[in-house]
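One structure is given here, and the rest of the page talks about it.
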Amino acid sequence: MRTQFTRIPDMFGRGSSVVEHVSVEALAEAWVASVRQAGIDPARPDVADALHRLVGLANAIAVSTPGSVYRADYAAEDLARALAPFGVAPARSPIRDRVLH
């Protein structure tokens with residue numbers, strides 16, 4: 001999953017921290033790669049519905065998090081949890097792309 005690093009100001013104005021996060025698009029790409037790697041059609045209605053729920057969760061978490069980001073560790077856990085009912089593990093990417101902002 002492609003991740004990025006962004007400096008997020010502390011909500012109390014006492015500094016900032018660098019957070020590794022993912023975009024919703026990168027999460028969806030990881031989902032599609034994982035189900036395809038397992039030989040499952042991503043357009044199958046139950047698979048598409050599960051992706052829709054995962055993207056909704058990601059958006060809800062992002063807008064409720066300081067800096068409006070979806071942390072990479074949460075994304076990895078949520079992706080694995082959403083894939084589990086299909087018996088699929090998250091696909092490993094050969095290169096982990098990271099961008100520092």
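Arg96 fulfils the conditions (1) open to solvent by 60 Å² or more (accessible area, probe 1.4 Å); (2) at pLDDT 90 or above; (3) assigned to a loop (DSSP other than H, G, I, E, B) except for a single criterion, (2).
Of all residues in the stretch 11-41, those that are without any contact (Cβ under 8 Å) to a residue 12 or more places away in the chain and touching a Ser or Thr at 6+ places or on another chain (Cβ under 9 Å) total 0. The selection criterion, being in contact (Cβ under 8 Å) with a residue 12 or more places away in the chain, open to solvent by 30 Å² or more (accessible area, probe 1.4 Å) and either small (Gly, Ala, Ser) or in a helix (DSSP H, G or I) (or both), does not hold for Pro90. Against the criterion of being open to solvent by 50 Å² or more (accessible area, probe 1.4 Å), under 17 Å from Val32 (Cβ atoms), at pLDDT 90 or above and not in a helix (DSSP H, G or I), Ala84 does not qualify. For the stretch 14-35, check the following and say yes or no: at least one residue is assigned to a loop (DSSP other than H, G, I, E, B), of a type in the set (A, V, I, L, M) and open to solvent by 30 Å² or more (accessible area, probe 1.4 Å). No, the stretch 14-35 has no match at all.
Could you list all residues from the stretch 45-64 that are more than 18 Å from Arg81 (Cβ to Cβ) and modelled with pLDDT under 95?
Residues satisfying the conditions are Val63, Ser64.
The values are calculated or read from the model by the stated rules, or taken from the named source; none is laboratory data. All figures in this text were calculated on a predicted structure; none of them were measured in a lab. With ideal geometry, Cβ positions are generated from the backbone for all residues, glycine too; neighbour counts draw on all protein chains shown. What goes into the accessible areas is simple: the full protein's heavy atoms, side chains included, and nothing from ligands, DNA or RNA. Shrake-Rupley method; radii C 1.70, N 1.55, O 1.52, S 1.80 Å.
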